[in-house]
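Heads up, the thing below is written out as structure tokens.
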Amino acid sequence: MTVETKNRINKKRFYVVIFGSARIEPGDPNWYLIYDLAKGLAEEGIDLVTGGGPGLMDAASVGHHAGDVSRKALSIGLQIKLPKEQRDSDHLDIKKEFSRFSTRLDNFIELANVVVVAPGGVGTLLELLYTWQLLQVNMIHDIPIILLGNMWQDLIRWIKKWPLKNHFLKQEDLDLLTVVDTYEEALEIIKKVYQSTF
């Protein structure tokens with residue numbers, strides 16, 4: 001499939017957004033975790049949206065391409081212009097570039113039916129917290145946030161110990177996050193949402 005223009009994004013399709021680190025290389029268990037999830041999504045005919053860069057974004061696009069034998073599922077990259085040139089991830093069907101992180105984040109949310117947050121740093125945490133806040137204040141609805149991988153349990157413990165204990169958020173806010181360890185668990189959640197949507 002050739003790279004299409006930004007105007008070809010069909011907002012009526014079902015999209016899984018994957019956020020994660022640009023710094024994780026092939027050989028890391030987290031790289032293969034995201035590769036396997038994206039491959040499973042493509043096998044189900046489910047479209048993928050990432051930041052279109054290296055690391056886990058590339059793992060997702062490579063895995064998605066490997067699973068998309070019928071070439072019917074799309075891999076979309078919402079890229080950001082950075083001072084240092086960033087390599088595109090492989091096998092993107094659609095690329096759209098942004099100069100502002102805020103506009104790019106809004107485009108992720110506009111497309112998302114499910115959000116998967118893989119291990120990552122400041123950018124990944126920004127994406128998680130922005131999505132979570134929009135759900136908390138009911139600016140978006142019915143978008144599961146799946147925290148995938150073993151780095152999230154400590155964050156959940158911290159949230160329970162400090163913000164939740166001090167009443168800065170409610171248990172129902174915390175319940176908007178689902179933590180899973182394996183790509184199979186994430187895929188099962190996504191498939192249920194997908195089947196209930198179409």
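Every read-out reported here was derived from the displayed coordinates using simple, explicitly stated rules and does not represent laboratory data. Quick caveat, the model's predicted, so the values are computed rather than measured. Because the Cβ atoms are built from the backbone with ideal geometry, glycine has one as well, and the counts that use them run over all protein chains shown.
Would it be correct to say that Asp106 is of a type in the set (Asp, Glu) and touching a His at 6+ places or on another chain (Cβ under 8 Å)? Working first, answer last.
On the way: of a type in the set (Asp, Glu): yes; touching a His at 6+ places or on another chain (Cβ under 8 Å): no.
So Asp106 fails the test.
When you look at Gly52, is it within 25 Å of Trp132 (Cβ to Cβ), of a type in the set (Gly, Ala, Ser) and crowded, with 24+ Cβ neighbours inside 10 Å, yes or no?
Values: within 25 Å of Trp132 (Cβ to Cβ): yes; of a type in the set (Gly, Ala, Ser): yes; crowded, with 24+ Cβ neighbours inside 10 Å: yes.
Here the answer is yes, as Gly52 does meet what is asked.
Give segment 5-38 a look and list any residue that's under 20 Å from Leu147 (Cβ atoms), of a type outside the set (Gly, Ala, Ser) and assigned to a helix (DSSP H, G or I), or say none.
Across segment 5-38, the qualifying residues are Pro29, Asn30, Trp31, Tyr32, Leu33, Ile34, Tyr35, Asp36, Leu37.
Does segment 62-79 hold any residues that are touching a Gly at 6+ places or on another chain (Cβ under 7 Å), under 28 Å from Gln133 (Cβ atoms) and either among the aliphatic types (A, V, I, L, M) or crowded, with 22+ Cβ neighbours inside 10 Å (or both), and which are they?
Scanning segment 62-79 gives Gly77, Leu78.
Give segment 138-189 a look and list any residue that's farther than 18 Å from Leu125 by Cα, out of contact with any Leu (no Cβ under 7 Å at 6 or more places or on another chain) and among the aliphatic types (A, V, I, L, M), or say none.
Those that are farther than 18 Å from Leu125 by Cα, out of contact with any Leu (no Cβ under 7 Å at 6 or more places or on another chain) and among the aliphatic types (A, V, I, L, M): Met139, Ile189.
May I ask you to say which residue of Glu127, Glu97, Glu110 is surrounded by 19 or more Cβ atoms within 10 Å (Cβ to Cβ), of a type in the set (D, E, K, R) and over 21 Å from Glu185 (Cα atoms)? Steps first, please.
Working: Glu97 fails: surrounded by 19 or more Cβ atoms within 10 Å (Cβ to Cβ); Glu110 fails: surrounded by 19 or more Cβ atoms within 10 Å (Cβ to Cβ).
Exactly one residue qualifies, and that residue is Glu127.
When Asp58 is evaluated against the numbered criteria (1) assigned to a helix (DSSP H, G or I); (2) without any contact (Cβ under 8 Å) to a residue 40 or more places away in the chain; (3) crowded, with 22+ Cβ neighbours inside 10 Å; (4) touching a helix residue (DSSP H, G or I) at 6+ places or on another chain (Cβ under 7 Å), which criterion, by number, is the only one it fails?
Going through the list (1) assigned to a helix (DSSP H, G or I); (2) without any contact (Cβ under 8 Å) to a residue 40 or more places away in the chain; (3) crowded, with 22+ Cβ neighbours inside 10 Å; (4) touching a helix residue (DSSP H, G or I) at 6+ places or on another chain (Cβ under 7 Å), Asp58 breaks only (4).
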